[in-house]
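The values are calculated or read from the model by the stated rules, or taken from the named source; none is laboratory data. As the structure is a prediction and not an experimental result, all values here were calculated from the model. Because the Cβ atoms are built from the backbone with ideal geometry, glycine has one as well, and the counts that use them run over all protein chains shown. Only protein heavy atoms, including side chains, enter the accessible area calculation; ligands, DNA and RNA are left aside. Shrake-Rupley method; radii C 1.70, N 1.55, O 1.52, S 1.80 Å.
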Amino acid sequence: VQLQASGGGLVQAGGSLVLSCTVSGLIAGTHSPMAWYRQAAGKQRELVASINSDGSAKYIDSAKGRFTLSRDNAKNTVYLQMKSLNPEDTGVYYCNADVFGAMHWGQGTLVTVSS
(Lines give C-alpha, C1' and ligand atoms only; values in the text may rest on other atoms or scores of the structure.)
Protein backbone atom coordinates (compact mmCIF):
# COMPACT_ATOMS: atom_id res chain seq x y z
CA VAL A 1 0.00 0.00 0.00
CA GLN A 2 1.33 3.41 -0.96
CA LEU A 3 -0.05 6.88 -0.38
CA GLN A 4 0.85 9.78 -2.63
CA ALA A 5 0.05 13.22 -1.28
CA SER A 6 0.15 16.47 -3.18
CA GLY A 7 -1.16 20.01 -3.18
CA GLY A 8 0.85 21.79 -0.54
CA GLY A 9 2.43 25.15 -1.08
CA LEU A 10 2.75 28.74 0.04
CA VAL A 11 -0.39 30.78 0.45
CA GLN A 12 -1.27 34.08 2.06
CA ALA A 13 -3.51 34.23 5.08
CA GLY A 14 -7.12 34.00 4.00
CA GLY A 15 -6.22 31.91 0.98
CA SER A 16 -7.15 28.38 0.01
CA LEU A 17 -5.46 25.13 -0.89
CA VAL A 18 -6.59 21.66 -1.84
CA LEU A 19 -4.58 18.66 -0.75
CA SER A 20 -5.07 15.29 -2.37
CA CYS A 21 -3.95 11.82 -1.41
CA THR A 22 -4.17 8.79 -3.63
CA VAL A 23 -3.86 5.27 -2.31
CA SER A 24 -2.50 2.45 -4.43
CA GLY A 25 -1.99 -1.21 -3.78
CA LEU A 26 -5.37 -1.83 -2.22
CA ILE A 27 -7.47 -4.87 -2.89
CA ALA A 28 -10.13 -3.90 -5.39
CA GLY A 29 -13.20 -2.52 -3.69
CA THR A 30 -11.39 -1.66 -0.45
CA HIS A 31 -12.27 1.79 0.78
CA SER A 32 -10.30 2.36 3.92
CA PRO A 33 -10.88 5.07 6.49
CA MET A 34 -8.45 7.88 5.80
CA ALA A 35 -7.26 10.97 7.54
CA TRP A 36 -5.07 14.03 7.30
CA TYR A 37 -2.65 14.90 10.07
CA ARG A 38 -0.38 17.89 10.33
CA GLN A 39 2.77 18.62 12.21
CA ALA A 40 3.95 22.13 12.88
CA ALA A 41 7.56 22.84 13.68
CA GLY A 42 8.35 21.81 17.24
CA LYS A 43 4.92 20.34 17.82
CA GLN A 44 3.40 16.91 17.85
CA ARG A 45 1.54 15.55 14.89
CA GLU A 46 -2.19 16.16 15.23
CA LEU A 47 -5.24 14.76 13.53
CA VAL A 48 -6.91 17.40 11.38
CA ALA A 49 -9.71 15.50 9.68
CA SER A 50 -10.79 11.94 9.07
CA ILE A 51 -13.24 10.28 6.74
CA ASN A 52 -14.91 6.89 6.77
CA SER A 53 -15.53 4.69 3.79
CA ASP A 54 -19.08 6.03 3.58
CA GLY A 55 -17.84 9.60 3.28
CA SER A 56 -18.69 10.82 6.76
CA ALA A 57 -16.01 13.20 7.96
CA LYS A 58 -14.87 14.63 11.27
CA TYR A 59 -12.69 17.64 11.98
CA ILE A 60 -10.76 19.21 14.78
CA ASP A 61 -12.45 22.29 16.14
CA SER A 62 -10.08 24.73 14.45
CA ALA A 63 -10.85 23.22 11.04
CA LYS A 64 -14.62 23.12 11.31
CA GLY A 65 -16.26 25.43 8.83
CA ARG A 66 -13.00 26.00 6.96
CA PHE A 67 -11.85 22.56 5.84
CA THR A 68 -13.78 19.96 3.88
CA LEU A 69 -12.60 16.39 3.53
CA SER A 70 -14.10 14.31 0.75
CA ARG A 71 -13.28 11.14 -1.08
CA ASP A 72 -13.61 9.65 -4.51
CA ASN A 73 -13.66 5.91 -3.99
CA ALA A 74 -13.42 5.21 -7.70
CA LYS A 75 -10.06 6.99 -7.71
CA ASN A 76 -8.98 5.88 -4.21
CA THR A 77 -8.36 9.54 -3.52
CA VAL A 78 -9.26 11.89 -0.71
CA TYR A 79 -9.30 15.67 -0.98
CA LEU A 80 -8.81 18.17 1.80
CA GLN A 81 -10.17 21.55 0.77
CA MET A 82 -8.82 24.24 3.03
CA LYS A 83 -10.06 27.82 3.00
CA SER A 84 -9.60 30.88 5.18
CA LEU A 85 -6.14 29.61 5.98
CA ASN A 86 -4.20 31.28 8.75
CA PRO A 87 -0.57 31.00 9.88
CA GLU A 88 -1.56 28.48 12.55
CA ASP A 89 -2.41 26.06 9.73
CA THR A 90 1.23 25.97 8.68
CA GLY A 91 2.87 22.58 8.87
CA VAL A 92 3.60 19.35 7.07
CA TYR A 93 0.39 17.56 6.23
CA TYR A 94 0.38 13.78 6.15
CA CYS A 95 -2.34 11.56 4.80
CA ASN A 96 -3.06 8.30 6.49
CA ALA A 97 -5.00 5.18 5.59
CA ASP A 98 -6.20 2.52 7.99
CA VAL A 99 -6.11 -0.65 5.94
CA PHE A 100 -7.63 -3.43 8.02
CA GLY A 101 -5.92 -2.10 11.12
CA ALA A 102 -2.56 -1.37 9.54
CA MET A 103 -1.70 2.33 9.38
CA HIS A 104 -0.09 3.62 6.23
CA TRP A 105 1.34 7.10 5.73
CA GLY A 106 2.03 9.35 2.81
CA GLN A 107 5.24 11.31 2.46
CA GLY A 108 3.89 14.61 3.71
CA THR A 109 3.25 17.85 1.92
CA LEU A 110 4.24 21.25 3.28
CA VAL A 111 1.66 23.96 3.74
CA THR A 112 2.96 27.42 4.57
CA VAL A 113 0.54 30.23 5.34
CA SER A 114 2.10 33.67 5.43
CA SER A 115 0.61 36.50 7.44
Checklist entry - Using 0.36 nm per residue, how much length does the chain from Gln4 to Asn52 gain when fully extended, once their Cα-Cα distance is taken away? => result 15.4 nm
Next on the checklist: Multiplying the sequence separation of Gln44 and Asn73 by 0.36 nm and subtracting their Cα-Cα distance, what value in nm do you get?
Outcome noted: 7.5 nm
Next on the checklist: Quick check: at a probe of 1.4 Å, how many percent of the accessible area of the chain sits on carbon and sulfur atoms?
Outcome noted: 50
Checklist entry - To the nearest 20 debye, what is the magnitude of the charge dipole of the chain about its Cα centre, counting +1 on the Cβ of each Lys and Arg and -1 on the Cβ of each Asp and Glu? => result 100
Item to check | Long-range amide H partners of Val48 with built H, under 5 Å | outcome: Trp36, Tyr37, Arg38
Checklist outcome for this item: Nearest-0.05 FRET efficiency for Ala13 and Ala102 at R0 = 35 Å, using Cβ-Cβ distance, is 0.40
Next on the checklist: Full-extension gain between Ile60 and Ser84, please, as 0.36 nm times their residue separation minus the C-alpha to C-alpha distance.
Outcome noted: 7.1 nm
Checklist outcome for this item: Result for the chain: accessible area per residue, probe 1.4 angstrom, in square angstrom, of 53
Item to check | Under 20 Å from the Cα of Lys58 - lysines, other chains or at least 8 residues apart | outcome: Lys83
Next on the checklist: How long are the semi-axes of the equivalent ellipsoid of the chain, taking √(5λ) for every eigenvalue λ of the Cα gyration tensor, in whole Å from largest down?
Outcome noted: 24, 14, 12
Checklist entry - Which whole-number percent gives the relative contact order of the chain, counting Cα pairs below 8 Å spaced six or more residues apart? => result 37
Item to check | chymotrypsin sites (Phe, Trp or Tyr not before Pro) within the stretch 15-102: DSSP coil, no more than 15 neighbouring Cβ in 10 Å | outcome: Phe100
